[in-house]
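S.K.: Quick one: structure below, then a few questions.
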Amino acid sequence: MSTATEHGYTPLTIDTAIQYAKGQSYFTQNEEVYGEEIGDGNLNLVFRLTGQDGQRLIIKQALPYAKVIGDSWPLTLDRARIESEVLTIYGTYVPELVPKVLHTDSVQALTVMEDLSHLQIARKALKKGDHFPVLGEAIGRYTAHTLFFTSDFGMNQQDKKQLQKRFCNPDLCKITEELFFTDPFYDVESNSIDEGLQAYVKEHIWNDQTLLFAVAKAKYQFLTKAEALLHGDLHTGSIFADETQTKVIDPEFAFFGPVGFDIGSFLGNLAIAHISQAGYATADDDRQTAKQSLQQQMMSVWKTFEDEYATLWQNHNVEPHASIPGWSEKHIEAIWKDAVRFAGCELIRRTIGLALVEDFESIADKDRKLAAKTAALRVGKHLLLSTNIHTSEAFVKAVVS
Ligand code: SR1
Ligand code: MG
């Protein structure tokens, strides 16, 4: 792996992360600080540091390559700037839903931020059947506010064009273009397909021209529809939560894209959590409760988004045409349609692509795992192909069926 110190950048170790934090006066020089590298994502180093009195902080540092692949896939360090700037911008709209940024360092490509370990990573907790009553509502509010206020309806339209220059994010967009919208739909080496699933994938994914056409259209929306500043990777591993709080981390994939992408990514991951429940050796009653709760969250994310976005549209719109009867309804309907298709792609790529998820991978029983993955592919296809999923109730029905 590259440890080059080009332009002064050096990847941190636990010891140098502690030295760095002391140098920034987060801890005193003589203090005993405990450090751990806790990054379980695909791209970055994440250090959690705990001082003598229990005060904690996070240092997140970008590596110059994709950690999950190695230095054969170089990645810009500029994503650290993008992430910390987006956290700061989003913090002005939904401060209660993002971690506080304490310090950024563009040379070291790192951000020092609030530690959130009093909360749980939603993906892990949902897997256990934990119930987060406000999660869907929080993500509905998060997406409505962050996306409306960075769109041509919620901000000065010339300022938006300037902002787009700051968040042109080609390296990270390339990851999504390939891993989300392209590779899983062809027989390429980077895919990871369980042996028992290969025949199904060949027949029902790679050889289905109607499906490929739907995916091509969804990808084109992602490539061209620069509606708002997206989080860009809003899956359940990017969310910390408990019964009352929600915090969304990791917006390093941010760029100006289609509003439905963040909502669809989140919905797709709730659907994955729902489908994978059938694979776990939990009691039937617990599994049913977990599934019902996930169904509620799928509905509440969309209902909250729809309500809040429509209210923002009415009260804060800068576009002179905004009050034309029917325009807001039409626009919101288009966001929903996009979200449903993006959710379909997310289900498929998390099942057979490069970036698999522990929801499925942790299913111990081989047959149950195959059954859950087959169901995910079937539901993903249905979301991409159906023209009848007009409501969040219909979305839930498609996931449950
Ligand atoms: C090479 S990165 C693989 C995946 O991890 C990130 O969280 C994104 O979801 C990306 O597609
Ligand atoms: Mg991430």
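S.K.: Among helices (runs of 4 or more DSSP H) lying entirely in segment 133-187, which contain 1 or more residues that are within 16 Å of ligand 2 (Cβ to nearest atom)?
M.R.: 135-148, 170-179
S.K.: Please determine, by comparing only the residues of segment 34-91 that are over 20 Å from LYS124 (Cβ atoms) and basic (Lys, Arg), which one is most open to solvent (accessible area, probe 1.4 Å).
M.R.: The qualifying residue most open to solvent (accessible area, probe 1.4 Å) is ARG81.
S.K.: Here's a follow-up. What residue, of ALA254, ALA226, is within 16 Å of ligand 2 (Cβ to nearest atom) and within 22 Å of SER151 (Cβ to Cβ)? Walk me through how you get there before you give the answer.
M.R.: Working: ALA226 fails: within 16 Å of ligand 2 (Cβ to nearest atom).
Just a single option satisfies the conditions, and that option is ALA254.
S.K.: Okay, moving on. Looking at (1) free of Cβ contacts under 8 Å to residues at least 40 places away in the same chain; (2) surrounded by fewer than 16 Cβ atoms within 10 Å (Cβ to Cβ), find the lone condition where GLN164 falls short.
M.R.: GLN164 satisfies all of (1) free of Cβ contacts under 8 Å to residues at least 40 places away in the same chain; (2) surrounded by fewer than 16 Cβ atoms within 10 Å (Cβ to Cβ) except (1).
S.K.: Going by the conditions given, is LEU385 open to solvent by 40 Å² or more (accessible area, probe 1.4 Å), within 16 Å of ligand 1 (Cβ to nearest atom), modelled with pLDDT of 95 or more and in contact with a helix residue (DSSP H, G or I) (Cβ under 7 Å, 6 or more places away or on another chain)? Please lay out each step first, then the result.
M.R.: On the way: open to solvent by 40 Å² or more (accessible area, probe 1.4 Å): yes; within 16 Å of ligand 1 (Cβ to nearest atom): no; modelled with pLDDT of 95 or more: yes; in contact with a helix residue (DSSP H, G or I) (Cβ under 7 Å, 6 or more places away or on another chain): yes.
No: the conditions fail for LEU385.
S.K.: Another one. Please verify whether VAL68 is within 13 Å of ligand 1 (Cβ to nearest atom), aliphatic (A, V, I, L, M) and either within 17 Å of the chain's Cα centre (by Cα) or at pLDDT below 95 (or both), treating the condition exactly as stated.
M.R.: Considered against the rule, which asks whether it is within 13 Å of ligand 1 (Cβ to nearest atom), aliphatic (A, V, I, L, M) and either within 17 Å of the chain's Cα centre (by Cα) or at pLDDT below 95 (or both), VAL68 comes out as yes.
S.K.: Looking at (1) away from ligand 2 (no atom under 16 Å from the Cβ); (2) buried (at least 24 other Cβ atoms within 10 Å of the Cβ); (3) under 20 Å from THR351 (Cα atoms), which one does LEU234 not meet, given that it meets all the others?
M.R.: (1)
S.K.: Going residue by residue through segment 123-132, is there one that turns out to be under 18 Å from the mean Cα position of the chain (by Cα) and open to solvent by 20 Å² or more (accessible area, probe 1.4 Å)?
M.R.: The first filter runs over segment 123-132 and keeps only residues under 18 Å from the mean Cα position of the chain (by Cα), leaving 123-127, 132.
Next, from what is left, pick out any that are open to solvent by 20 Å² or more (accessible area, probe 1.4 Å): 124, 127.
Yes, segment 123-132 contains at least one residue that is under 18 Å from the mean Cα position of the chain (by Cα) and open to solvent by 20 Å² or more (accessible area, probe 1.4 Å).
S.K.: Condition test on ASP262, is it more than 11 Å from ligand 2 (Cβ to nearest atom) and either without any contact (Cβ under 8 Å) to a residue 12 or more places away in the chain or surrounded by fewer than 24 Cβ atoms within 10 Å (Cβ to Cβ) (or both)?
M.R.: It is false that ASP262 is more than 11 Å from ligand 2 (Cβ to nearest atom) and either without any contact (Cβ under 8 Å) to a residue 12 or more places away in the chain or surrounded by fewer than 24 Cβ atoms within 10 Å (Cβ to Cβ) (or both).
S.K.: Within segment 164-182, can you find the residues that are more than 10 Å from ligand 1 (Cβ to nearest atom) and among the hydroxyl-bearing types (Ser, Thr, Tyr)?
M.R.: Answer for segment 164-182, where residues must be more than 10 Å from ligand 1 (Cβ to nearest atom) and among the hydroxyl-bearing types (Ser, Thr, Tyr): just THR182.
The values are calculated or read from the model by the stated rules, or taken from the named source; none is laboratory data. Keep in mind the model is a prediction, meaning the values are calculated, not measured. All Cβ positions, even for glycine, are placed from backbone atoms using ideal geometry, and neighbour counts span all protein chains on display. Only protein heavy atoms, including side chains, enter the accessible area calculation; ligands, DNA and RNA are left aside. Shrake-Rupley method; radii C 1.70, N 1.55, O 1.52, S 1.80 Å.
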